[in-house]
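*Asks:* I have a structure here, written as structure tokens, and I will follow up with some questions on it.
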Amino acid sequence: MTDVAGAVDRGLRGLGVSPGRAAGPVVRMAAPPVLPPPGTAHSERTVGEGLAAVADELEARAARAGGAAGEILEAQAMMAADPMLREAAEDLVKEGLDPAHALDAAFATHREALVAAGGYFAERAADLDDLRNRAVAAVLGLPMPGVPDPGHPFVLVAEDLSPADTAGLSGDVLALVTEKGGPTSHTAILARGRGLPAVVACEGALGLAEGALVAVDGGSGEVVAGLEPGEVARIQAEAAAERTRLSGSRGPGRTADGHPVKLLLNIGSAADLEVEDLGAGAEGVGLFRTELLYLGRRSTPGFDEQVAAYAAVFRACPDVVVRTLDAGTDKPLPFLDLPDEPNPALGIRGLRVDRLRPEVLDTQLAALAEAARATGTEPSVMAPMVATAAEAAAFAERARAAGIARVGVMIEVPAAALLAAEILAEVDFLSIGTNDLGQYTFAADRQHPGLADLLDPAQPALLRLVELCASAGRTAGKPVGVCGEAAGDPRLAPILAGLGVTSLSMSAVALPAVREALAGHTLEACQELAREALSGRRYQRSAVVTCGPGRGGP
Ligand code: PEP
Ligand code: MG
């Protein structure tokens with residue numbers, strides 16, 4: 001609920017998707033500007049002034065960011081200061097267009113030229129779109145769109161964030177609050193990867209006033225407005241103390257009576273391993289999402305480039321499970337040039353891309369084998385979105401022929417879970433992706449905020465599929481891990497261990513709490529919890545949700 005001034009007058013509740021607490025002032029991410037109809041736009045700046053304002057702002061951010069991020073911002077500032085772009089827009093103004101439309105048209109022409117040039121240049125198209133939005137907003141006198149960087153710690157409030165936005169967040173972001181987004185969206189996953197408390201599907205969040213002091217609880221999903229500065233300081237101190245306490249947790253995953261459950265990391269690149277210190281007790285990498293290296297790319301990553309990226313990971317950690325490219329729906333890889341589909345989550349995605357572009361998997365498998373050879377390591381390699389034993393067999397044959405020693409598949413489709421035993425006859429291990437397995441089991445879009453109860457990984461139907469896989473693994477004597485977001489939930493960890501799962505793979509920040517949860521239960525107690533959860537009597541955390549504030553969440 002909002003008062004007349006647009007400020008939220010009470011607490012809000014969304015879905016807590018990345019645990020932790022934080023407090024600080026709200027900074028809102030402005031939406032891209034909407035062009036008014038030609039001839040009606042009120043301009044506050046000329047083309048030259050608008051572009052100069054954008055370049056100045058980016059320069060200032062570059063100076064604050066420094067390092068690699070600073071270089072990227074510096075390059076963007078130079079693009080905004082390009083005299084050819086300015087002259088093209090000024091010529092259009094002379095022909096009668098207002099500054100906003102002139103900039104829009106000039107950027108469009110520039111963009112076409114870049115895309116036509118292909119390769120590296122085509123990849124800059126997204127940067128140009130960002131500049132176009134900034135320049136148009138500048139001349140119309142609207143707030144600057146894109147991820148804000150006010151130069152002080154803040155709670156970022158947005159309608160939604162793209163994975164690229166989340167990846168580009170500055171270190172000043174204390175927490176994320178979005179009106180849209182679901183519990184297994186990639187925004188949630190990336191927030192967890194960075195250890196940022198995050199609340200998504202928080203209706204009314206955009207009503208939080210700029211600068212309002214708020215507290216965010218990324219576990220319960222609560223967002224409380226109207227704090228005093230003293231309360232902000234207290235919450236920050238408590239959150240820091242809790243982080244320090246958990247960061248002292250060490251050692252391999254064990255139940256109270258010593259039953260091992262490997263604790264592994266989910267990563268997107270070698271950079272995650274530098275930040276997410278393996279010394280904190282992770283026993284390896286359980287999911288290396290290789291597609292995150294190439295999100296948004298328009299040119300196909302070549303063999304050498306891939307070898308370098310994979311070798312960097314293998315050097316940092318010799319025990320890695322690599323997932324081959326998982327493109328489609330929420331993970332766009334434009335270089336694959338996949339056809340538009342009416343129902344992309346049910347179409348050509350994951351391993352199915354191989355039906356259209358077999359050379360992509362061949363190059364990736366060859367690059368992985370070469371990176372393993374060059375680093376003297378033996379990574380495991382698995383395929384996403386496998387649905388049948390025949391697909392698993394074909395993938396295993398290709399991977400082994402390329403020189404990969406340990407081959408597995410992800411279980412993300414209910415059909416694959418039902419055939420876990422047959423699939424395990426073809427491969428060396430299974431890794432259960434509960435995010436997609438939940439989506440496909442419940443026919444509920446994983447990004448849909450209104451269906452969070454169905455996407456609750458404690459749903460007994462989902463757990464029964466996990467049990468099928470774990471029991472097939474026990475019979476075959478082969479490992480069965482979980483690498484979906486359920487693995488990082490301390491409330492579920494003992495249940496998954498009780499079902500017979502042999503490893504849990506998660507973001508580094510989730511690891512200490514999961515380790516503590518396992519250590520707090522004997523294997524027998526885990527099995528008892530699992531029995532209750534399978535029956536649906538326990539741990540079904542959310543009842544049917546309503547579409548409004550205050551709805552239940554995981
Ligand atoms: C999953 O689906 O659970 C999974 C781990 O893969 P992703 O979230 O990358 O689709
Ligand atoms: Mg998946």
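*Asks:* I want to make sure I understand the PRE zone here: with the label point 7 angstrom from the Cα of ALA425 toward its beta carbon, which residues in region 371-405 have backbone N atoms less than 12 Å away?
*Replies:* Label zone hits: 389-390, 393.
*Asks:* Rounded to the nearest 500 deg cm²/dmol, what is the calculated helix-only ellipticity per residue at 222 nm for the chain, with -39500 (n - 2.57) per DSSP H run of length n ≥ 4?
*Replies:* Computed ellipticity for the chain at 222 nm equals -13000 deg cm²/dmol.
*Asks:* Within the chain, what percent of beta bridges assigned by DSSP are antiparallel, to the nearest 5? Working shown, then result.
*Replies:* Values: 15 of 52 bridges.
Taking every DSSP beta bridge with both residues in the chain, the antiparallel ones total about 30 percent.
*Asks:* Another question about this same structure. If you place +1 on the Cβ of every Lys and Arg, -1 on the Cβ of every Asp and Glu, and leave all else neutral, what size is the dipole of the chain about its Cα centre, to the nearest 20 Debye?
*Replies:* Using Cβ point charges on Lys, Arg, Asp and Glu, the chain gives about 1720 debye.
*Asks:* I would also like to ask the following. Counting only Cα, what are the radius of gyration and maximum Cα-Cα distance Dmax of region 205-316, in Å?
*Replies:* Both quantities, over Cα of region 205-316: 20.1, 55 Å.
*Asks:* Something else now. I want to check the label-to-label distance for GLU516 and ALA237. Put each point 7 Å from Cα in the C-beta direction and report it in nm to one decimal.
*Replies:* About 2.0 nm, to one decimal.
*Asks:* As I understand it, the value is the acute angle between the Cα axis of helix 83-94 and the longest principal axis of the Cα atoms of the chain; what does it come to in degrees, rounded to 10?
*Replies:* 50 degrees
*Asks:* Moving on. Give the cross-link partners of LYS331 among the lysines, using a straight C-alpha distance below 28 Å as the criterion and excluding same-chain residues fewer than 8 apart.
*Replies:* Of all the lysines, those that pass the test against LYS331 - Cα under 28 Å, at least 8 places apart if same chain - are LYS180, LYS262.
*Asks:* Exposure proxy check: THR255, THR329 ranked by fewest other beta carbons within 10 Å?
*Replies:* Sorted ascending by nearby Cβ count, the order is THR329, THR255.
*Asks:* OK, next. Give the residue from ILE404, ALA31, GLY96 lying farthest towards the positive end of the charge dipole for the chain; charges sit on Cβ (+1 for Lys and Arg, -1 for Asp and Glu) and the dipole is referred to the Cα centre.
*Replies:* About the Cα centre, the residue reaching furthest to the positive side is ILE404.
*Asks:* Ok, one more. Only counting other Cβ atoms within 10 Å, I'd like PHE288, PHE303, PHE335 sorted with the fewest neighbours first.
*Replies:* PHE303, PHE335, PHE288
*Asks:* Compactness ratio of region 216-274: Cα Rg over 2.2 N^0.38 Å, N = residue count?
*Replies:* That works out to 1.65 for region 216-274.
*Asks:* Here's another thing I want to ask about it. Looking at the P(r) of region 357-396, how many percent of alpha-carbon pairs lie beyond 12 Å?
*Replies:* Taking all Cα-Cα pairs of region 357-396, the fraction more than 12 Å apart is 65 percent.
*Asks:* Another one. Around LEU430, under 13 Å between beta carbons, what's the net of Lys plus Arg minus Asp minus Glu among the other residues?
*Replies:* Here the count lands on -1.
*Asks:* As I understand it, the dipole of the chain uses +1 on the Cβ of Lys and Arg and -1 on the Cβ of Asp and Glu, about the Cα centre. Which of GLY473, VAL47, PRO83 lies farthest toward its positive end?
*Replies:* Value: GLY473.
*Asks:* Right, another one. Once the Cα atoms of the chain are picked out, what are the Rg and Dmax in Å?
*Replies:* Radius of gyration, then largest Cα-Cα span, for the chain: 24.4, 79 Å.
*Asks:* Once every Cα of region 406-519 carries one equal point scatterer and solvent is ignored, give the base-10 log of I(q)/I(0) from the Debye formula at q = 0.23 Å⁻¹, two decimals.
*Replies:* -1.27
*Asks:* To continue, here is another question. Taking the number of other C-beta atoms within 10 Å as the exposure measure, put CYS317, CYS202 in order starting with the fewest. Show your work: numbers first, answer last.
*Replies:* Working: CYS317 20, CYS202 28.
Starting with the residue having the fewest Cβ neighbours, the order is CYS317, CYS202.
*Asks:* I'm a student and want to see the number: the projected area of the Cα convex hull of region 421-472, averaged over all directions, in nm².
*Replies:* Dividing the Cα hull surface by four gives the mean projection, 3.7 nm².
*Asks:* To continue, here is another question. Given the Cα-Cα distance of THR475 and GLU112 and 0.36 nm per residue of separation, how much length would full extension add, in nm?
*Replies:* Going from the current span to full extension adds 124.9 nm.
*Asks:* Moving to a separate point now. Computed over the Cα atoms of region 290-349, what is the convex hull's projected area averaged over all directions, in nm²?
*Replies:* Averaged projected hull area, Cα only: 4.5 nm².
*Asks:* Could you size up the charge dipole of region 21-146 around its Cα centre, putting +1 on the beta carbon of Lys and Arg and -1 on that of Asp and Glu, and report it in debye to the nearest 20?
*Replies:* For this selection, approximately 540 debye.
*Asks:* Please name which of HIS152, ALA60, LEU114 has its Cα lying farthest along the dipole of region 15-158 towards the positive end, using unit charges on Cβ (Lys, Arg +1; Asp, Glu -1) and the Cα centre as origin.
*Replies:* HIS152
*Asks:* Please report how far the C-alpha centroid of region 312-336 lies from that of region 516-538, rounded to the nearest whole angstrom.
*Replies:* 33 Å
*Asks:* How much length is gained if the chain between GLU87 and ARG64 is pulled fully straight, taking 0.36 nm per residue apart and subtracting their Cα-Cα distance, in nm to one decimal? Mind dumping the intermediate values first?
*Replies:* Working: separation 23, 0.36 × 23 = 8.28 nm, distance 2.97 nm.
Contour length minus Cα-Cα distance gives 5.3 nm.
*Asks:* Can you give the net charge of the other residues whose Cβ lies under 9 Å from the Cβ of VAL223, counting K and R as +1 and D and E as -1?
*Replies:* -1
*Asks:* Right, something else. What is the calculated FRET efficiency for MET78 to SER299, with r their C-beta to C-beta distance and R₀ = 25 Å, to the nearest 0.05?
*Replies:* For R0 = 25 Å, the calculated efficiency reads 0.70.
*Asks:* Assuming R0 = 51 Å, what is the FRET efficiency of ALA393 and ALA126, from their Cβ-Cβ distance, to the nearest 0.05?
*Replies:* On the way: r = 39 Å, r/R0 = 0.76.
So the FRET efficiency works out to roughly 0.85.
*Asks:* Cα-based Rg of region 383-424 per 2.2 N^0.38 Å, rounded to two decimals?
*Replies:* After normalising by residue count via 2.2 N^0.38 Å, the value is 1.08.
*Asks:* What is the Cα centroid distance between region 457-503 and region 61-112, reported in whole angstrom?
*Replies:* That distance is 51 Å.
*Asks:* Within region 14-37, what residues put their amide N at less than 16 Å from the label point 7 Å along the Cα-to-Cβ vector of GLU159?
*Replies:* It comes to 28-36, nothing else.
*Asks:* Using only the Cα atoms of region 178-239, build the gyration tensor, take square roots of its eigenvalues as a ≥ b ≥ c, and label the shape rounded, prolate or oblate: rounded if a/c is under 1.5, else prolate if a/b is larger than b/c, else oblate.
*Replies:* oblate
*Asks:* Let me ask something additional. Fully extended, how many nm does the chain gain between ARG315 and GLU228 (0.36 nm per residue separation, minus their Cα-Cα distance)?
*Replies:* 26.6 nm
*Asks:* By how many degrees, 0 to 90 and rounded to 10, does the Cα axis of helix 67-80 deviate from the longest principal axis of the chain?
*Replies:* So the helix axis and the longest Cα principal axis differ by about 40 degrees.
*Asks:* Modelled label-to-label distance, ALA405 and GLU44, 7 Å Cα→beta-carbon offset: nm?
*Replies:* 6.3 nm
Read-outs: derived from the displayed coordinates by stated rules, not from any lab. The structure presented is a predicted model; accordingly, all values stated were derived computationally and were not measured. Cβ coordinates were reconstructed from backbone atoms using ideal geometry, including for glycine residues, and neighbour counts include every protein chain displayed.
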